[in-house]
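Coordinate-derived values only; no laboratory data. Quick caveat, the model's predicted, so the values are computed rather than measured. When we count neighbours, we look across all protein chains shown, and the Cβ atoms used for this are built from the backbone with ideal geometry, even at glycine.
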Amino acid sequence: MSLTIGGGPLSSRPRDTVNYRIDGPAHRLLFEPFPRRVRAVFGGATVLDTTSGMLLHESNLLPQLYLPRDDVHDDLLTRTEHRTHCPFKGDASYWSVAVNGQTADNALWSYLDPLPEAGWLCDHVAPYWDSMDAWFDEDEEIGGHLRDPYHRVDVRSTSRHVRVMAGDDVIAESRRAVVLSETGLPNRFYLPTDDVRGEALELSATHTACPYKGTASYHSLRTTSRLIADAASYYPEPLDGARAIRGYLCFAAEGVKTWVDDVACP
């Protein structure tokens with residue numbers, strides 16, 4: 001994310017505040033090894049298992065896992081008629097995965113004859129992350145996608161005045177929040193639950209997965225005039241590097257606004 005999104009050096013519009021220029025196309029590709037074993041399971045069977053995975057960093061996109069074709073179980077794959085074209089990589093062919101009566105259509109693709117400038121993609125296969133039932137980084141099951149080695153999360157305590165508003169209503173106010181800085185994203189302020197009007201919150205059934213923070217749960221917010229769905233997120237069991245946000249709530253939804261020292265957060 002840090003290399004390819006926003007103002008990163010591999011994005012289409014890198015920052016101007018540099019003392020160098022990249023001699024190359026506006027759309028950039030970087031292919032480099034992923035350092036750990038990766039496995040994917042579908043229908044109770046291991047579809048791929050590799051210690052030779054590669055990450056493709058591509059302008060304006062999240063990193064994509066590619067692995068040698070020999071590290072995919074060919075007996076579970078069926079080639080399809082589906083094709084796509086990328087002006088930077090070439091024509092992609094697709095395979096479906098079928099296991100124990102379950103099918104993931106067009107779950108993997110490969111550039112069998114890539115463009116010369118992306119020739120190293122030859123003999124590699126890329127999977128759609130959400131086509132598999134489970135993913136493992138070494139022996140730890142992960143959600144979202146593989147961690148980008150250039151992406152990081154930092155959490156720091158802050159005594160700044162943090163206030164959360166829903167219209168004219170003050171929903172939360174604190175001077176003991178923590179600020180989470182995540183590569184390529186605005187700062188997010190997490191407040192202790194004791195500093196939040198708990199009677200305004202209603203437990204939501206929504207859950208989302210982040211490879212850097214963990215699995216998030218949500219509260220909806222009932223104001224005097226309406227219900228704001230999934231207004232506050234929290235991580236019951238955050239991952240390493242984000243453990244300091246455990247027990248804290250972050251408000252980031254349409255209809256709520258966070259102010260820090262009387263300045264509105266983006």
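Numbers for the structure displayed
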| read-out | value |
| --- | --- |
| Mean separation of Cα contacts under 8 Å (6+ apart) over length of the chain, as relative contact order % | 12 percent |
| Virtual paramagnetic centre 7 Å along Cα→Cβ of R160, amide N under 16 Å, in the stretch 250-266 | 250-252, 257-266 |
| Over the stretch 1-155, relative contact order from alpha-carbon pairs under 8 Å, at least 6 apart, % | 20 percent |
| The stretch 153-264 shape via C-alpha gyration tensor axes, a/c threshold 1.5 | oblate |
| FRET efficiency for D91 and R36, using Cβ-Cβ distance with R0 set to 45 Å, rounded to 0.05 | 0.90 |
| Average silhouette area of the chain, convex hull of alpha-carbon atoms, in square nanometres | 17.3 nm² |
| The stretch 29-142 shape via C-alpha gyration tensor axes, a/c threshold 1.5 | oblate |
| Spin-label proximity, E173 to the stretch 231-266 - amide N less than 17 Å from point 7 Å beyond Cα toward beta carbon | 257-264 |
| The stretch 82-107 and the stretch 195-215: distance between their alpha carbon centers, rounded to Å | 35 Å |
| Potential lengthening between R246 and N187 on full extension [0.36 nm per residue; Cα-Cα distance subtracted] | 19.6 nm |
| Estimated FRET transfer efficiency (H73, L112; beta-carbon r; R0 22 Å; 0.05) | 0.75 |
| Cα centroid of the stretch 176-191 to Cα centroid of the stretch 13-72, whole Å | 27 Å |
| Stretchable slack from D105 to S12, in nm (0.36 nm times residue separation minus alpha-carbon distance) | 30.3 nm |
